[in-house]
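Notes to accompany the following structure.
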């Protein structure tokens, strides 16, 4: 077996096995799919608004307005698709079809984002760019939602224990970091300069990136697994599903904090280009240095963070990491106004503190899905992933809107056809520096406050998880027996290795 079988003592006479039958190949497949999603979505979430503002000249006010309008659709589509995916019944399961057949659409809509065309139709260039930006956000986010709900929620189906999920998440972080790193390198190289000129290599590179990213989602769909027995379970109605989700108080506590966590994450990773270019003064290939420094530290320290989480627990490790990150963001604000070299050192340290945060954010949420199953008797991963996005997707819009509002407030001058490379006043540089450091620091303070009330950890919770594992095994056995009576063999369980 490539995986661990974790045991939990229910009482002195009985040992319950928590069955984690996930092969290394399946973990790698999950990580690659996540990397493909991170590669394409990471280039859109933040960098697209940078492209429209710093390269095409869309005003910061219109970018902020578009993000706020988009937040409405962003908040509605995820719960809708999440519940739809939980209700899906097909020969391939509830999850796999969306990955396999959604991957090509994912790539096509990604390419569309970089080819604005409405300014060729409408006379007013600003409003044409505004409409094109908004349309690109609506279309791309829809397919991103459909695929992202699956890749986000799969670990909670693949494993039951917190340790098992954290182990799967290690693969997700390491391989997903490659996708995120690729997205940030590409956007930093092409979008970080102070010139509004668009490189002739930019759009061809985006086409190649779309092909690679969609392929990374498509191929793993042939090796991933999901809970087949859940397909035949009776589902909750649409409105009942929403009501039951909001009755889970731990869901609300976590999501209030997660909203602010996403703001900090989007600013740190998605809006780095203007900070690196205008504040630190790095351009072209040199602009990737801060980026590589952060991701190298995340890559190195993710595995030690997983070991620390086993000792301290997910919640404590997560909160300590966020506390240290707040201190470093404040230090980055100070140092970036004095010396770019020391600012680079601080950004490198941020990679260390963000490693456990990136690793544990999702496993902490999966515990909430387990609590829901104890409350409702239903397994509703994508419903919860969709309801999660009800908070996180508006957070993406809020991060962009807040960042560009601050930058605009301090006097940033957008490029125009007449003045493609305006000289920015010192106040605008200060605004970019302030937005990139103080916004994440303040957001993470809110995360810490809400995490104080997160209760899904400790010995009593582990006892409940043991009971949940027994329920899963009973459901699985009943499903296999039902298939046997029908003369069928489960394709999922053929993939699983057993002792």
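Can you find, within the range 85-102, the residue that is nearest to residue 33 (Cα to Cα) among those that are in a helix (DSSP H, G or I) and modelled with pLDDT of 80 or more? The extreme case among them is 99. In this structure, residue 311 does satisfy being exposed (fewer than 15 other Cβ atoms within 10 Å of the Cβ) and either under 22 Å from the mean Cα position of the chain (by Cα) or assigned to a helix (DSSP H, G or I) (or both). If the condition is being touching a helix residue (DSSP H, G or I) at 6+ places or on another chain (Cβ under 6 Å), modelled with pLDDT under 70 and assigned to a loop (DSSP other than H, G, I, E, B), then the range 457-499 contributes only 490. Hey, could you check the range 380-412 for residues that are buried (at least 22 other Cβ atoms within 10 Å of the Cβ) and not in a helix (DSSP H, G or I) and say which is modelled with the lowest pLDDT? Here the answer is 380.
When the range 346-371 is filtered for residues that are surrounded by fewer than 23 Cβ atoms within 10 Å (Cβ to Cβ) and more than 24 Å from residue 310 (Cα to Cα), the ones remaining, listed by number, are 346, 348.
Just one residue in the set 59, 88 is surrounded by fewer than 23 Cβ atoms within 10 Å (Cβ to Cβ) and under 28 Å from residue 200 (Cα atoms); that residue is 59.
Any chance the range 124-141 includes a residue that's modelled with pLDDT under 90 and not in a helix (DSSP H, G or I)? The answer is yes; a qualifying residue exists.
Of the residues making up the range 190-247, those that are surrounded by 14 or more Cβ atoms within 10 Å (Cβ to Cβ), over 27 Å from residue 110 (Cα atoms) and modelled with pLDDT of 75 or more number 4. If you go through the range 104-123 and keep only what is in a helix (DSSP H, G or I) and either touching a strand residue (DSSP E or B) at 6+ places or on another chain (Cβ under 9 Å) or in contact (Cβ under 8 Å) with a residue 24 or more places away in the chain (or both), you end up with 104, 105, 106, 107, 108, 109, 110, 111, 112. With respect to the stated conditions, residue 81 is modelled with pLDDT under 90, touching a helix residue (DSSP H, G or I) at 6+ places or on another chain (Cβ under 7 Å) and in a helix (DSSP H, G or I).
Taken over the range 93-131, the residue count meeting the criterion of being more than 23 Å from the chain's Cα centre (by Cα), surrounded by 17 or more Cβ atoms within 10 Å (Cβ to Cβ) and within 28 Å of residue 151 (Cα to Cα) is 1.
Of the residues making up the range 421-441, those that are within 28 Å of the chain's Cα centre (by Cα) and in contact (Cβ under 8 Å) with a residue 40 or more places away in the chain are 432, 433, 434, 435, 436, 437, 438, 439, 440, 441.
Put simply, of 436, 454 the only residue that is surrounded by fewer than 21 Cβ atoms within 10 Å (Cβ to Cβ), at pLDDT 90 or above and under 20 Å from residue 264 (Cβ atoms) is 454.
The values are calculated or read from the model by the stated rules, or taken from the named source; none is laboratory data. Not measured: the values here are computed from a predicted model. Cβ: placed from backbone, ideal geometry, glycine included. Neighbour counts: every protein chain shown.
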